[in-house]
1. Which is farthest toward the positive dipole end of the chain among A280, F150, G59, measuring Cα position about the Cα centre, with Cβ charges +1 (Lys, Arg) and -1 (Asp, Glu)?
2. Using a 7 Å offset from the Cα along the Cα-to-Cβ direction at both A216 and K320, what is the distance between the two label points in nm, to one decimal?
3. For K103, go through the lysines and keep the ones whose alpha-carbon is under 26 Å away, minus same-chain ones fewer than eight residues off.
4. Straight-line reach only, C-alpha to C-alpha below 15 angstrom: list the aspartates and glutamates that K285 could link to, leaving out same-chain residues fewer than 8 apart.
5. Under 27 Å Cα-Cα from K357, which lysines qualify once same-chain neighbours fewer than 8 residues away are excluded?
6. How are the C-alpha pair distances of region 2-250 spread across 10 Å bins, as whole percents from the shortest bin up?
7. Going from the alpha-carbon gyration tensor of region 125-175, what semi-axes, largest first and in whole Å, does one get by taking the root of 5 times each eigenvalue?
8. Which Cys in the chain stand alone, with every other cysteine's Cβ at 4.7 Å or more from theirs?
Amino acid sequence: MFGLYVHWPFCKSKCPYCDFNSHVRAQVDHGRWRAALLREMEETASRTGPRMLNSIFFGGGTPSLMEPETVAAVIETAKRLWQPAEDIEITLEANPTSVEAEKFRGFARGGVNRLSMGIQSLDDQVLTFLGREHSAHEAKGAIELARDTFDRYSFDLIYTRPGQSVAQWRDELDQALKLCGDHLSLYQLTIEPGTAFHTRHRLGEFEMPDEDLSAALYEETQSHLEARGMPAYEVSNHAIPGGESRHNLVYWRYQDYAGIGPGAHGRLTVDGMKRAEIRARLPEKWLGLVEEKGEALSELETIDEEQQFQEALLMGLRLKEGVPLDRLPVPQWNMLRNSGRIEALAAEELLTLTPEKLQVTEEGRHRLNAVLGYLVG
Ligand SMILES: C[S@@+](CC[C@H](N)C(=O)[O-])C[C@H]1O[C@@H](n2cnc3c(N)ncnc32)[C@H](O)[C@@H]1O
Ligand code: SF4
């Protein structure tokens with residue numbers, strides 16, 4: 001499997017919780033950006049060689065602020081440079097303001113067949129707290145339009161919010177279940193350094209739910225959605241069977257992907273060696289470098305076996321399906337196998353090992369950072 005990630009780094013405003021590579025600019029020269037994305041993709045293809053392309057993902061930032069012509073041109077060029085799989089998944093992340101919803105049909109005409117919307121909450125007060133530009137009413141309208149326009153759609157909600165109770169969250173989940181397609185992403189709010197929330201939280205403007213409430217909210221999410229046919233297939237992602245995000249599965253299964261646009265990452269196997277690619281992060285720097293040199297690589301390095309082992313575990317253990325042992329480099333696996341750590345985690349019912357695969361339990365997935373820290377830290 002092989003995927004292409006395309007990063008669009010602009011947003012209308014910066015949400016107070018967000019530490020993604022997203023920037024607010026008064027003006028964007030869409031023609032220059034379109035040309036630069038196409039050019040960087042051509043350069044990247046010269047390194048990947050011919051491949052079957054299974055997915056394209058427009059992420060951000062806010063890709064629904066892109067011109068539909070740009071999205072269509074990127075898709076067309078990608079399909080020319082690589083061989084598109086018959087069932088290629090083409091996802092675009094969208095914010096559900098009405099202005100952006102007006103562009104949905106244009107994106108679909110350009111080839112997008114899956115929409116992933118940042119709904120975040122179905123409650124107006126919470127949307128205000130989260131600094132969002134849309135109302136719950138607009139969000140529902142955008143979801144309905146996505147349902148009529150795309151083969152598949154998903155949306156994101158953020159929970160473990162200040163003042164949130166399990167009962168309130170269950171009601172919101174029930175509303176979401178009525179509106180959702182084949183996929184839902186449910187993220188626990190994290191306070192990231194460098195964000196406005198980080199400062200406001202430190203100043204005591206709001207309090208986050210404590211560990212017990214946070215665990216209760218997580219458990220409720222798992223059991224409520226499992227019982228309604230949308231089990232978690234990854235820590236924060238739920239789908240009806242077959243509705244999983246194929247693009248994200250490429251990352252979690254540690255398969256190859258190329259990334260273009262500011263700050264985009266790639267992992268490419270070339271001549272039997274896995275390589276990491278990272279692009280310049282600042283939009284203006286990226287644009288200048290692509291116009292000057294054809295692409296904006298800030299790092300290109302070979303990933304040694306130790307690093308591959310760590311990355312394959314960090315990614316793969318997020319998935320309910322676990323990590324097949326034949327994905328792991330043998331010397332590093334043997335070392336871990338003989339270290340006693342797997343037995344220790346298995347004794348606490350956080351992990352299971354079969355002759356074929358290593359898997360975290362549901363409890364282990366909830367405490368994934370601690371489990372991973374112990375395994376590969
Ligand atoms: C690349 S971001 C956003 C895409 C799009 N711009 C939007 O806002 O809808 C992907 C998702 O990450 C989640 N997210 C971002 N920062 C988060 C945080 N600090 N805690 C929890 N979820 C977060 C949000 O649900 C968001 O929709
Ligand atoms: S959450 Fe989305 S819209 Fe808000 S700043 Fe981050 S990327 Fe932009």
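1. A280
2. That separation, rounded to one decimal, is 2.5 nm.
3. Here the lysines satisfying the reach criterion relative to K103 are K12, K14, K79, K140, K178.
4. Within reach: D29, E40, E295, E299.
5. K274, K320
6. 7, 30, 35, 21, 7, 0
7. For region 125-175, the ellipsoid semi-axes come out as 23, 14, 9 Å.
8. So far as the 4.7 Å Cβ criterion goes, C11, C180 stand without a partner in the chain.
Each value in this text was obtained by applying a stated rule to the coordinates, not by laboratory testing. In this text the structure is predicted, and so the values were computed from the model without any measurement. Ideal geometry is used to build each Cβ from the backbone, glycine not excepted, and the neighbour counts take in all protein chains shown.
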